[in-house]
1. Between Rg and the Kirkwood Rh of the protein assembly as shown, both from Cα atoms, what is the Rg to Rh ratio?
2. Among B:49, A:32, B:33, which comes first, second and so on when ranked by fewest other beta-carbon atoms within 10 Å?
3. If you scale each eigenvalue of the Cα gyration tensor by 5 and take the root, what three semi-axes come out for region A:4-109, rounded to whole angstrom and sorted largest first?
4. Neighbouring Cβ atoms within 10 Å as the yardstick, rank B:63, B:109 fewest first.
5. What average number of partner chain Cβ atoms lie no more than 10 Å from the Cβ of the residues making up A:44-55?
6. Within 10 Å of each residue's Cβ, count the other Cβ atoms and sort B:108, A:63, A:94 from fewest upward.
């Protein structure tokens, strides 16, 4: 059972554009929602995270929007750069178990 | 660099064999997690250890086992390997058992032929 659904599977954005990745969850016990960035040949790296008592969190060009009632959250990458080209995973956690979405492969073109 | 070290980086073995994957967590981290990443299944949580004790279990097959040693390094043992076990295996560590960010190593790529 896929508890965290992520879309789109792949995304192509022009340099300077906004990249948007969406996730939806089912388990209302989830209380921590991180996003991870993974480059080829590397492990996932924590990018930004949010807890459900906050509707938005911004760190530099990266913003998480969180909608508790809809059980959805999204990652916005402003002014996307070629160096942002990577696979992005949303995740949701309760206690110590982190459940990942299936990933979005982002390509930022010149 | 996350500070989590995984060895070996690559492993090629035959069906039916047994392998051991090793992970050294970041300095100061007590919790170790194992994840399997395959193309069709994404990142699947296998198991977590905290300070030497099993803390949580995910989709880990009975053919797989893990342990965390007193020096906090961890090993994941995979036995009776099947072609479908070919995947990237990631280790992650965190300071606490819950509610702390995970830091991933660069993985071990296992190929079963």
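Just so you know, all these numbers are worked out from the coordinates, no wet-lab data involved. Small disclaimer: the values here were computed from a predicted structure and weren't measured. Cβ placement follows ideal geometry from the backbone for every residue including glycine, while neighbour counts extend to all protein chains displayed.
1. Numbers: Rg = 17.4 Å, Rh = 17.9 Å.
My calculation of the ratio gives 0.97.
2. Working: B:49 24, A:32 18, B:33 29.
By the 10 Å Cβ count, ascending: A:32, B:49, B:33.
3. Details: eigenvalues 98, 42, 27 Å².
Its equivalent ellipsoid spans semi-axes of 22, 15, 12 Å.
4. Numbers: B:63 13, B:109 16.
Ranking B:63, B:109 by Cβ neighbours within 10 Å, fewest first, gives B:63, B:109.
5. Values: counts 10, 4, 6, 0, 0, 1, 0, 1, 0, 0, 0, 0.
Per residue, the average neighbour count from other chains is 2.
6. On the way: B:108 22, A:63 18, A:94 15.
So the ranking, lowest neighbour count to highest, is A:94, A:63, B:108.
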